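Let me begin by presenting the structure, written as structure tokens, before commenting on it.
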Amino acid sequence: MNARHRHGVTPRNSLHGVFILYSCFFLEKDLYYFNVFMINEFNKIQQALMKAESVLLVGHPRPDGDCLGALSAMADYLISLNKKYEIILDEELPNDFDFLAHTEKILVGMKNLKMEKYDTVLVLDAGDIKRTGIADFLQDTDHPLIIEIDHHVTNRGAGDINAIKNISSTCEVIYDFFQHVNFKYQKETATALLTGILTDTGLFAFANTSGETVKKAAALVARGADFNLIKKRMFNSQQLPELKFLGKFLSRLQFNEKLNILFLVLTKEDLAEEGAETDILSNFLQQNKEAEITMVLKEGDDGMIKVSWRSKKADVARLAKELGGGGHKKAAAFLVKGKLVKTEDGGWKIE
Ligand SMILES: [Mn+2]
């Protein structure tokens, strides 16, 4: 009788337990490996871009630092592979971003797009491919290969290859991709990636900032990313009319205690005022202590009202998605048809 039998069933049970524990560990590690690190997707993207001949890069309308940083960084990667590429945006890009490499070459306006020129399309930070303005072009051409890189949880991935990770920014996903493919980039690329991270985390102030995000940002600075330049261009660049707009509209804040929502309504007329820059407003409202959710309603010229939510903990992406919108767990938006009308008791309704 060996030692195992002498101890009866107990050792066998505990061995069994150890076995289960080990399998869980490996299984979990596997899942972790594939879902979090996206080895498969990153390999596919690398292979596709190596095969590509002519690549179109596209972002979303009202491009922000994450979208433009991602476009600039991926352009650098394509240059390193000796590929032809073009960047297109539906709208003019704000001047604040002209420090990013390759932004001067961006084509503006989808009406000039000749989709047949490209065999591969890289969609960055778009949340939903429909937002980019290229979806219409995809129906009446031989479908080029579509690659989506994004960080919006509500993005279900309409591309042929989708690298969508629920982390701070698209630039953070691209950072991981560059690590995976061992791309040795220069300081301009590091600045582009850091621009995306700093924009989408509000200088590490928003809840989407993880320890990993901060570590990656530090690594980018070590690679020569110009933190001070980004900070100056993006965060200390508020013009006087924008600050006055902020002051005027902050005084109109309303708080619904029952729903624990702090909200602000901006009509078409308000948004036509000088300095109307609503991102600053939304970011500013997040500093509030009381409300769980902040909501900004913006009336557009097209008969649609954009409702943007930011939350402290609540999952606003789920509800926004149900209402036809999308976004992140703690920052999401959707559109509703109608116009904003003031009620007699000082509130607002949508008609
Ligand atoms: Mn983003």
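The values are calculated or read from the model by the stated rules, or taken from the named source; none is laboratory data. This structure is a prediction, so every number in the text was calculated from the model and none was measured. Note that each Cβ is placed from the backbone with ideal geometry, even for glycine, and that neighbours are counted across all protein chains shown.
Pick from the stretch 126-144 the residues that are more than 16 Å from the ligand (Cβ to nearest atom) and part of a helix (DSSP H, G or I): which of them is surrounded by the fewest Cβ atoms within 10 Å (Cβ to Cβ)?
Result: Q139.
What is the number of the single condition among (1) under 19 Å from D98 (Cβ atoms); (2) of a type in the set (G, A, S); (3) without any contact (Cβ under 8 Å) to a residue 24 or more places away in the chain that A222 does not meet?
The number of the failed condition is (1).
Can you find even one residue in the stretch 218-226 that is surrounded by fewer than 12 Cβ atoms within 10 Å (Cβ to Cβ) and outside the structural domain of L100 (by TED's automatic domain parsing)?
Taking every residue of the stretch 218-226 in turn, none turns out to be surrounded by fewer than 12 Cβ atoms within 10 Å (Cβ to Cβ) and outside the structural domain of L100 (by TED's automatic domain parsing).
Failed condition for L198, given (1) within 12 Å of the ligand (Cβ to nearest atom); (2) closer than 19 Å to D226 by Cα; (3) not in a helix (DSSP H, G or I), with all others met?
Evaluating L198 over (1) within 12 Å of the ligand (Cβ to nearest atom); (2) closer than 19 Å to D226 by Cα; (3) not in a helix (DSSP H, G or I) leaves (3) as the failure.
Please specify each residue of the stretch 120-132 satisfying the condition of being of a type outside the set (V, I, T) and within 13 Å of L57 (Cβ to Cβ).
L122, L124, D125, A126
Against the condition at pLDDT 90 or above, more than 16 Å from the ligand (Cβ to nearest atom), outside any helix (DSSP H, G or I) and among the hydroxyl-bearing types (S, T, Y), how does T209 come out, does it pass?
no
Looking at the stretch 50-64, which of its residues are touching a helix residue (DSSP H, G or I) at 6+ places or on another chain (Cβ under 7 Å) and either at pLDDT 95 or above or more than 16 Å from the ligand (Cβ to nearest atom) (or both)?
Of everything in the stretch 50-64, those that are touching a helix residue (DSSP H, G or I) at 6+ places or on another chain (Cβ under 7 Å) and either at pLDDT 95 or above or more than 16 Å from the ligand (Cβ to nearest atom) (or both) turn out to be S54, V55, L57, V58.
Is it the case that the stretch 26-37 has a residue that's within 16 Å of the ligand (Cβ to nearest atom), modelled with pLDDT under 85 and assigned to a loop (DSSP other than H, G, I, E, B)?
no
Any chance the stretch 145-161 includes a residue that's crowded, with 16+ Cβ neighbours inside 10 Å, more than 12 Å from the ligand (Cβ to nearest atom) and of a type in the set (D, E, K, R)?
yes
Can you find a residue that is within 11 Å of the ligand (Cβ to nearest atom), polar (S, T, N, Q) and under 24 Å from P94 (Cβ atoms) anywhere in the stretch 175-191?
Within the stretch 175-191, none of the residues are within 11 Å of the ligand (Cβ to nearest atom), polar (S, T, N, Q) and under 24 Å from P94 (Cβ atoms).
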